[in-house]
Amino acid sequence: MQRYSPAVVMLAALAACGDRGRAEGPWEFKIDSAAGAHPAASLRSAGTEGPRGEPQKNAVVLSLDCRSDHTGATILTRQSLRQGSVEAELKLDDGPARRVPGFAGTTGSSGQLVLTVSLDSVLALLAGHQRATVNYEDGASSSRTTAVFPVAGLEARRAEFIAACDRSGGDRHHPPR
């Protein structure tokens with residue numbers, strides 16, 4: 001029997017909270033109306049990750065979020081990441097890798113890599129693709145990881161997500177600070 005870390009259990013619980021739309025491809029669309037006057041919206045794709053050059057076996061989530069306090073793309077991992085600025089490499093399907101700035105850190109028992117590009121840019125990059133591969137390091141370059149996410153079907157959820165994002169009060173046109 002496989003045992004899951006508290007961080008993975010927490011990620012699953014977060015994905016189950018709030019009002020959810022039907023699944024479309026690998027994406028789970030959620031509106032969290034508990035957020036008050038400005039409900040939070042998210043699109044999430046579950047993937048796998050592992051040390052660079054090795055098989056990806058660990059659960060990881062790509063979360064596109066719109067909240068009044070944060071709008072952007074975040075990789076949620078159960079790794080503890082050292083805090084700091086990073087340059088991630090994003091490869092879509094079999095295309096060339098492109099550099100994407102980010103910021104790594106740990107929150108509680110999990111880690112996150114916040115991609116510091118606008119949400120609109122991330123949505124445009126992912127559109128029309130089947131798979132996103134992200135190579136990233138923590139802020140001290142001591143943890144080198146490859147994460148792979150299915151991203152097909154984003155177009156079917158995009159309009160609904162953007163409408164919810166606009167209602168959330170988040171700014172999807174500018175990168176997170």
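Annotation for the stretch 59-66: no member residue is modelled with pLDDT under 60, open to solvent by less than 30 Å² (accessible area, probe 1.4 Å) and within 19 Å of Ser143 (Cβ to Cβ). As a summary of the residue check, Arg167 satisfies the conditions (1) open to solvent by 60 Å² or more (accessible area, probe 1.4 Å); (2) free of Cβ contacts under 8 Å to residues at least 24 places away in the same chain except for the one numbered (2).
Checking the stated criteria, Leu115 turns out to be under 14 Å from the mean Cα position of the chain (by Cα) and either of a type in the set (Asp, Glu) or surrounded by 15 or more Cβ atoms within 10 Å (Cβ to Cβ) (or both). The residue of the stretch 80-112 that is least open to solvent (accessible area, probe 1.4 Å), among those that are of a type in the set (Lys, Arg) and part of a strand (DSSP E or B), is Lys91.
Taking each residue of the stretch 122-140 that is small (Gly, Ala, Ser) and looking for partners that are assigned to a loop (DSSP other than H, G, I, E, B) and buried (at least 18 other Cβ atoms within 10 Å of the Cβ) with beta-carbon atoms closer than 9 Å, six or more apart or interchain, yields Ala127/Val151; Ala132/Val151; Gly139/Leu81; Ala140/Leu81.
Let's see how each residue does on (1) farther than 13 Å from Ser42 by Cβ; (2) at pLDDT below 85:
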| residue | (1), (2) |
| --- | --- |
| Asn135 | yes, no |
| Val151 | yes, no |
| Arg157 | no, no |
| Glu160 | no, no |
| Pro175 | yes, yes |
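Selection of the stretch 88-134 for residues being acidic (Asp, Glu), in contact with a Lys or Arg (Cβ under 8 Å, 6 or more places away or on another chain) and under 24 Å from Pro55 (Cβ atoms) yields Glu89, Asp93.
Scanning the stretch 67-116 for residues that are of a type in the set (S, T, N, Q) and either touching a strand residue (DSSP E or B) at 6+ places or on another chain (Cβ under 7 Å) or more than 17 Å from Gly139 (Cβ to Cβ) (or both) turns up Ser68, Thr71, Thr74, Thr77, Gln79, Ser80, Gln83, Ser85, Ser109, Ser110, Gln112, Thr116.
Across the stretch 126-164, the number of residues qualifying as open to solvent by less than 10 Å² (accessible area, probe 1.4 Å) and part of a loop (DSSP other than H, G, I, E, B) comes to 2.
The values are calculated or read from the model by the stated rules, or taken from the named source; none is laboratory data. The structure presented is a predicted model; accordingly, all values stated were derived computationally and were not measured. Neighbour counts run over all protein chains shown; Cβ positions are idealised from the backbone, glycine included. When the accessible area is computed, the model is the full protein with side chains, heavy atoms only, and any ligands, DNA or RNA have been set aside. Shrake-Rupley method; radii C 1.70, N 1.55, O 1.52, S 1.80 Å.
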